């Protein structure tokens, strides 16, 4: 028993020594400044411009009951050669240690992305603090402008604003949630090319309030930005890659030129079949769409057998032409397989060596597409038609 | 004393903990790097091989009653061979424990304490294992029986959460890096079942000797299923691993778990649970080294032996200079050491002993 | 000037009126205890010698409550000198008067009868042959003249001393080297009341009292089993307090009973301060703060455990019973668990299990997370904590220790405070200290919540001694969390778990039935439905394992 006591005391001494040796590098939650967004842009002299959006918390008011969450933020910008150097510079004047554990989004400007961003992504994914599922966003405007104007419409809290973007994505389908890990994985993946969220000044709203939006996707190939998808093309991308959640699609009405029919599309499944003929991929897509009619006009009765089949046929041809145009854009203009057709193509190969030798991502630009759409109109909502 | 005898479940968990430790550290990474996308097939293949091997070992143990490998080596080659076997076993256990603890402490430094002193970290672990060995002998096994289900559960949680982001096409192309690497060179991957070394030692501690086969096969199946699950989840989550990147393998999977918006970095909790894993691993190794040395060299003062063992592990773990050396030791040196001790040397002794015993039994029958 | 002189002289002079007292060394103190020669002394035949001995042994010249009544008894018309000795306040005086003094002193037919006692008679050849009992004073007095139900013959002065101290009356008679030890106890004790410290809603409301005989009678009354054995032992050399060991003969393991009795009989102590000290002296692990014997004041708990095959020890003067052996899971059970529907009981058990971990670990985890692992906290909660802490000048460890110690002081003060002020202290402590501390920016509000939750969960642990152990261990985890974060807490928990695994309580493992894994069919933490409680706990190795038939509800078809 005595020896046990002595050993336990020795263990306590070791832990105390451990604490003492570590004491200068322990940062409690009070000593840290929390970064909620990180921005990278082209700086002066071809340097990197690092912008950090840091959460400011209001000190507690008299009763300690005021909202003390991230009600305001501070944006800080430096010129540096690398992300770590930039963080070091900002640490020197901010007064607290920067902590990237709560970083929700990484914003990279379009100009920087055209030069290639895999170095920055690799640095960030290697960092123990940065969470692998923070979003990656390519901004068409300046990064600093984007971060300063990313104010929520309905929320008081900037950090929550970034989290709530997921909701918009799930409802509209106009962009896709791409995390740092997704991007990094896709970069190394031989099946597909990476995409990132596209951000810009708000173009849909007529209020000219200068706030920002996330609409569309940025397409990468070999680590460089090669093009963009606007919000409609993003829809086709999500449909083809089986990541579709929800959207409202408005098609011209087959019954009248001046009318439009809005369809609530809730589920899209695409079956892909790939044949490789003379090293050229022939890609067949069977898209099954399930929709409900949202809009209704006074004299329309959509729910008759003929009308349903007419709307379905029209929707099929509308979707088919749009999807085909989109697919050829990805192959001819971008040369980037962002719909992961490679995961189907790989079934034709037995070993990794054969697959690597074929170089799917290089051969994608010569692909041919065959798209078939099958829309099933289930019903409308409350009014079936007169 | 009946209390010190292991029952069926305790013995299984004793072997499984070794496997889980290595799965957490590096096994899935190594297998994926070697075999690529055919790791799945490779693991099923080596599981079948190891099960057959184990059934063969059980047959070799059968005429000896409840004797463990040390007693059998004494029977085969006298005290010299027994001492030689003990030294080999002890050095194997000490080597692997020091490498494992160094590896884990380095990773703990990365995750928890970036600027901590490695000396103190390793010292704390080893001192805890020494303290725990001072308690009564059955207590480590009991603690093992209580903690291993928790650790296994956490591993299942990791795998379940990774299903969401998994894509089955990442198992393709099916033959990965080729037939050679999957089936021929891939045989060397049986070193992942290096935990079977305890089977040679615990037979004398089992309550019921007939349980040995059941214990062994169950633990092989457990270990294999965990290895399979971890490899599958890593393969499907991280395509870059096929090119080979040496990091704390299962920890990478835990970083991708999202419990809604609530808990941001849940990997910290998993690391906390794995601390128990490594403490158990170290305690069990020190316990068995003490046992082997006591049995072979008739040591009277067990405490000094305990401190000496701890000191050797401490010094050995500090000899390594950087991560590259650690990975080399763990992935190459340990591989061949395990293959040698568990799959070549011990079966050789058993085969010679079995043949010798059979001859004696035949002679005895003829004389009757 | 005169006043100044007086003042100066007062200040500078020694105060010779101060009362001085110092304890003398051992040589100066007269030793009043009986020397070894006087111990084991037997009763003398001569009553005068007995009287002198008794006067010196019981210090009757200075003890005001030791009464000696000398009188003459009449036996077969002969007179013998006699005296009784008893302690005033502990005896039933009416019993002594009516059933000891009257039949012996007053001349009546029984003590005046001079004839012979005929054992048998026979007629043979017209001659009657009678067998007559030889006259013996002791036998005659005990058989015919003492109409009292509990009379024993003793001849050892040690036994006499013990019994007089416990309330018996001793009768000495001249020419006889024995004396009569008559039980005439009557003294005021506390009546059976509700258990104050272990309340339940659905269960018996009877608790033990200080008197041993009352407690044993309660157990007998509620456990109507002829196999219930209540053995009496004495513990302590000076106070010779009675102990009762209760068990069921055909259920409890004999080795267990023998071990309990062995430990109780082999305690070389002068006296015991109470049952708590007895518990500390007979438990297995000397140094561990983890309780290995359960004290309980509830009657139904004790009966439940006795029926399972455990042993219950009662001690005269203490309203608590000791139950042994016990496991960790017993400390998280209440007697209500078997009275309620098993679903509700299991829910409560889950809550108690969670409370166990919260009481032990919550402050330690808080300090580890805020110091080393801040990334675990959800974003908005983190900002909330940081802003509430921004005006607090202390480190987290100082805050926690300050509040923990304050909470313990409040708890201790609440126990000691006189009852009219009891509720006031609660209000002062909780509202003023906690709220005011937050408003003065000494501590942060989140810490008050942590401390309050920890305190409340410690009250949900049913056993008082066990919750004490958790309260004490909590500080260790706070320190470990502060020094090494999750690593420190992990190391602490690991050593704690291995310690628990190594503990034994009277031969059974402390973490039974989970370590070593015994047949979980028989025993587990969770309560089975009433119709499935077929077997007793296997780890107790009872003589009879079956508790219930496989189909216990025979009325169901």
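Overview of values
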read-out	value
Given (1) over 24 Å from residue B:338 (Cα atoms); (2) more than 13 Å from chain A (Cβ to nearest Cβ); (3) not in a helix (DSSP H, G or I), number of the condition residue B:115 does not satisfy	(2)
Output for region C:371-388, where each listed residue is within 47 Å of the chain's Cα centre (by Cα) and in contact (Cβ under 8 Å) with a residue 40 or more places away in the chain	C:371, C:372, C:373, C:385
Some residue of region A:266-287 being part of a helix (DSSP H, G or I), touching a helix residue (DSSP H, G or I) at 6+ places or on another chain (Cβ under 7 Å), surrounded by 14 or more Cβ atoms within 10 Å (Cβ to Cβ) and not assigned by TED's automatic domain parsing to the domain that holds residue A:178	no
Test: residue in region A:37-49 that is in a strand (DSSP E or B) and either facing another protein chain (nearest Cβ under 9 Å) or modelled with pLDDT under 85 (or both)	no
Residue within region B:240-253 that is in contact with a strand residue (DSSP E or B) (Cβ under 7 Å, 6 or more places away or on another chain), over 23 Å from residue B:156 (Cα atoms), surrounded by fewer than 22 Cβ atoms within 10 Å (Cβ to Cβ) and touching a residue at least 12 places away in the same chain (Cβ under 8 Å) present	no
In region C:250-265, the residues that are modelled with pLDDT under 90 and touching a strand residue (DSSP E or B) at 6+ places or on another chain (Cβ under 8 Å)	C:265
Residue satisfying condition, being modelled with pLDDT of 90 or more, surrounded by fewer than 17 Cβ atoms within 10 Å (Cβ to Cβ), in the same structural domain as residue A:262 (by TED's automatic domain parsing) and farther than 30 Å from residue B:176 by Cα, within set A:319, A:332, A:294	A:332
Identity of the residue in region A:15-35, within 12 Å of chain B (Cβ to nearest Cβ) and surrounded by 21 or more Cβ atoms within 10 Å (Cβ to Cβ), that ends up nearest to residue A:151 (Cα to Cα)	A:34
Qualifying residue in region C:514-523 (condition: more than 12 Å from chain B (Cβ to nearest Cβ), modelled with pLDDT of 85 or more and over 30 Å from residue B:116 (Cα atoms))	no
Filtered residues of region A:242-265 (kept if closer than 19 Å to residue A:379 by Cα, within 26 Å of the chain's Cα centre (by Cα) and not in a strand (DSSP E or B))	A:245, A:246
Failed item in (1) within 14 Å of chain A (Cβ to nearest Cβ); (2) more than 18 Å from residue B:255 (Cα to Cα); (3) modelled with pLDDT of 90 or more, with residue B:136 passing the rest	(3)
Only listed residue being surrounded by fewer than 24 Cβ atoms within 10 Å (Cβ to Cβ) and on the phi > 0 side of the Ramachandran plot, chosen from C:276, C:317	C:317
Any hit, region C:473-496, residues being within 30 Å of residue C:256 (Cβ to Cβ), assigned by TED's automatic domain parsing to the domain that holds residue C:394 and either free of Cβ contacts under 8 Å to residues at least 24 places away in the same chain or in a strand (DSSP E or B) (or both)	yes
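Residue-by-condition table, conditions (1) more than 13 Å from every other protein chain (Cβ to nearest Cβ); (2) modelled with pLDDT under 90:
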| site | (1), (2) |
| --- | --- |
| C:415 | yes, yes |
| C:428 | yes, yes |
| C:450 | yes, no |
| C:454 | yes, no |
| C:468 | yes, no |
| C:471 | yes, no |
| C:502 | no, no |
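Rundown of residues vs (1) closer than 26 Å to residue C:546 by Cβ; (2) within 14 Å of chain A (Cβ to nearest Cβ); (3) in a helix (DSSP H, G or I); (4) at pLDDT 90 or above, yes/no style:
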site	(1), (2), (3), (4)
C:313	no, no, no, yes
C:323	yes, no, no, yes
C:331	no, no, yes, yes
C:345	yes, no, yes, yes
C:382	no, yes, yes, no
C:387	no, yes, yes, no
C:401	no, no, yes, yes
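The values are calculated or read from the model by the stated rules, or taken from the named source; none is laboratory data. For clarity, every value in this text was computed on a predicted model and none was experimentally measured. Cβ atoms come from the backbone with ideal geometry, glycine included; neighbour counts cover every protein chain shown.
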